[in-house]
Amino acid sequence: MQDDPVIRVIAKVLIPTMMLFALYVQFHGDYGPGGGFQAGVIFAAAFILNATVFGFNRGRHVWPARLNLMAITLGVLLYGGTGVATMVLGENFLSYNALSDDPIAGQHLGILLVEFGVGLTVAAVMVALFFAFAGRVSHVRLLNKTRAHEKAQAEAKGTAND
Amino acid sequence: MTSLFAQWNYFLVIILMMLGFYAVIARGNMVKKMVGLNIFQTSVFMLYISMGKVSNGTAPILTGDSSTVYSNPLPHVLILTAIVVGVATTAVGYALIIRIQESFGTIEDDEIIELMDDADAASEGPAS
Amino acid sequence: MGFIIDATLIAFLALIAIAALRRKQLFGMVMLSGAFSLVAATLFVVLDAVDVAFTEAAVGAGISTVLALATLSLVPAEEKPHSIAIVPAVLALATGLLLSVAVSDLPEFGAADAPIHNHVAPEFIIGSEEKIGVPNVVTSVLASYRGYDTLGETVVVFTAAIAVLLIIGGWTRRETEITESTEDDHAG
């Protein structure tokens, strides 16, 4: 699949469009269907398409494992942190009215932050899941190749001894 | 008979649930069990969303018109999060299937039980 | 008209589910389960749950099919053949019958006076406009009214990712043996 020019060109057009659409879904979720969960999955789909078309290693290169783990934790931290911030400002956990003088503006800010945290976590989790599975597949293939190689070597040794 | 038409959705949800449930408990292949579990899960989602539907209602996105009837948003919220959590737990299931395949060389549960019995018999054999 | 679309789609859903579960080839089964998710998403749109449909289309037909295909490349391609198991079939049918009895007590499909529509939902719809100022009620309930719930769900997704990375993210024992043995070869 990596050598097919049609798929490569289409993917190059599709990947940025998908990312843009994910951002639209993320930040337009207040006004239409959408939100952090959906945006996260669409954003992850862009990276998964990149990795399936251009290969596992190039996919891993644009989204390194360390960054991935950090993004997973940062999202949850952002969500929980918003809750703690409202507590510090003297309201209950996750009651966003405290975030601004105007309660409605506070709610808007709170929902934006929380949805962003959800989107970050979901996107990073989905990419991490894909790379964990794809990494296992390529790992097992390598393992089988090594096993076959060892077997062939052992057989070669056996015939040499005869 | 009127109730069958009035509650058509609920009865079809039950059929889906039976299919999923049967696949989970009867089939030995673990990937098939996971797909059965997904069908079971979707049937539960469908039940919740069917309950939230209001006749002649529209999606719960405010139009500014006070006469608009909206469907119930609460089941939507519950199911929205349940779908994402569902795929995350499904991934854990598939990961376990991969590990089972690596250690036993099969994903049929009766074969795995046989292999484990053999291993038990082999470990108890010399001691007794 | 609404009823016809609804009934057709949900019957279609049941047919796809039966076709998927009858498949011996696991690849065909996984593709059919992707189609199942897509039809389910269409049905969610018909039932006014646009946000849910969005999620189901992206997650069910997209990500979970990809994960299932990755699994399939590591496991046998076909299921071991076997006949219909009687006890599970009877058990499933009995559960279905029991639920059918329970369903006949539910309010009519689409009834506006059902208890579920008269408890907290009107508060959410009015409050979303007056107290939160977000037109999409699902978003305002998800992030504000039920913020605790969503925090919990996010933590579950986080935990599941950590679990998958622990189960299949690392190297196997076999791998370390290989690297050690090749290192020995170099040393020797």
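Any read-out appearing in this document is the output of simple, stated calculations on the displayed coordinates, not a laboratory observation. Treat the numbers as computed from the prediction; the structure is a model and nothing was measured. A quick note on method: Cβ atoms are made from the backbone with ideal geometry, for glycine too, and the neighbour counts reach across all protein chains shown.
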In sequence order, calculated HN-Hα J values of segment B:47-52 (Karplus, 6.51, -1.76, 1.60; Hz; x Gly/Pro): 4, 4, 5, 4, 5, x
Under-5 Å amide H pairs with A:S100, H placed in peptide plane, nonlocal only: A:G106
Quarter of the Cα convex hull surface for the protein assembly as shown, i.e. its orientation-mean projected area (nm²): 31.7 nm²
Relative contact order (%) - criterion: Cα under 8 Å, at least six apart; region: segment A:1-94: 21 percent
Hz values of 3J(HN,Hα) by residue in segment A:4-15 - Karplus curve (6.51, -1.76, 1.60), Gly and Pro given as x: 7, x, 4, 5, 5, 5, 4, 5, 4, 6, 6, 4
Theoretical gain in end-to-end length, C:F27 to C:V120 [0.36 nm per residue, Cα-Cα removed]: 29.1 nm
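Stretch A:T73-A:F56 to full length: gain in nm at 0.36 nm per residue minus the Cα-Cα span? Working shown, then result.
On the way: separation 17, 0.36 × 17 = 6.12 nm, distance 2.33 nm.
Length difference between fully extended and current span is 3.8 nm.
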Label-reachable residues, segment B:23-47, where backbone N falls under 13 Å from a point 7 Å from C:L91's Cα toward its Cβ: B:23-28
Structure-based [θ]222 nm, the protein assembly as shown - -39500 (n - 2.57) summed over DSSP H runs of at least 4, per residue, nearest 500: -25500 deg cm²/dmol
Residue among C:V87, C:V30, C:V137 with the largest mean-square fluctuation in a Gaussian network model of chain C, springs linking Cα atoms under 10 Å: C:V87
Electrostatic dipole magnitude of segment B:1-111 [Cβ: Lys, Arg +1; Asp, Glu -1; Cα centre; debye, to 20]: 220 debye
Fewest-first ranking of C:H82, A:H108, using other Cβ atoms within 10 Å as the exposure measure: C:H82, A:H108
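Net charge near B:F40: determine it from the other residues with C-beta under 14 Å of the C-beta of B:F40, scoring Lys and Arg +1 and Asp and Glu -1. Walk me through the numbers before you get to the answer.
Details: positive: B:R27, B:K32, B:K33; negative: none.
Charge balance in the 14 Å sphere: +3.
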For A:50-57, mean number of other protein chain Cβ atoms within 10 Å: 0
Choice from C:T42, C:T55, C:T159 with maximal GNM fluctuation in chain C (Cα, 10 Å cutoff): C:T159
Derived scalar couplings ³J(HN,Hα) [segment A:27-43; Karplus, 6.51 cos²θ - 1.76 cosθ + 1.60; whole Hz; x for Gly, Pro]: 8, 9, x, 6, 10, x, x, x, x, x, 4, 5, 4, x, 5, 5, 4
C:Y148-C:F12 pseudo-label distance in nm [points 7 Å out on the Cα-to-Cβ vector]: 4.1 nm
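Please give the FRET efficiency for B:T58 paired with A:I104, using the beta carbon to beta carbon distance and R0 = 25 Å, rounded to the nearest 0.05.
After rounding to 0.05, the efficiency reads 0.55.
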Size of electric dipole in chain C: Cβ of Lys, Arg +1 and of Asp, Glu -1, about Cα centre, debye, nearest 20: 600 debye
Pairwise FRET efficiency - C:S73 versus A:V6, Cβ, R0 = 25 Å, nearest 0.05: 0.60
Which of C:T55, C:L69, C:A7, positive extreme of dipole for segment C:1-157 (C-beta unit charges): C:L69
Summed residue charge, Cβ within 15 Å of A:N97's Cβ, Lys/Arg positive, Asp/Glu negative: -3
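With the Cα gyration tensor of segment A:1-75 in hand, convert its eigenvalues to equivalent ellipsoid semi-axes via √(5λ) and list them largest first in whole Å. Don't skip to the end; give the middle numbers.
Details: eigenvalues 118, 63, 9 Å².
Result for segment A:1-75: semi-axes of 24, 18, 7 Å.
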Of B:G64, B:G20, B:G93, the one that fluctuates the most in a GNM where chain B has Cα springs shorter than 10 Å: B:G64
Relative counts (whole %) of C-alpha pair distances in segment B:29-116, using bins that are 10 Å wide: 15, 31, 22, 16, 10, 5, 1
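Expressed as a rounded percentage, what relative contact order does chain C have, with Cα pairs under 8 Å and six or more residues apart? Write out the running numbers ahead of the final one.
Working: 95 pairs, mean separation 24.1, N = 188.
Worked out over chain C, it gives 13 percent.
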Cα principal axis extents for segment A:50-162, largest first, Å: 89, 27, 15
Mean Cβ count within 10 Å, highest first, over the residues of peptides C:95-101, B:12-18: B:12-18, C:95-101
Peptide A:62-73, shielding by other chains (average Cβ, 10 Å cutoff): 1
Proximal charge balance of A:V76 [Cβ under 15 Å; K/R count +1, D/E count -1]: -3
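Please compute the average number of Cβ atoms from other chains found within 10 Å of each residue's Cβ in peptide B:23-30.
Working: counts 6, 2, 6, 10, 6, 4, 9, 3.
Other-chain Cβ atoms within 10 Å of each residue's Cβ, averaged: 6.
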Cβ-derived FRET efficiency at R0 56 Å, C:E129 paired with C:A19, nearest 0.05: 0.80
Amide H partners (placed H, <5 Å) of B:T58, local residues excluded: B:V69, B:Y70, B:S71
Fewest-first sequence of C:T154, B:T63 by Cβ atoms within 10 Å of each Cβ: B:T63, C:T154
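For chain C, what is the per residue volume of the convex hull drawn over the alpha-carbon atoms, in cubic angstrom? Intermediate values should be presented prior to the final figure.
Details: hull volume 39.3 nm³, N = 188.
Expressed per residue, the convex hull around the Cα atoms of chain C is 209 Å³.
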Helix B:8-26 vs. chain B, principal-axis angle (Cα, 0 to 90°, nearest 10): 10 degrees
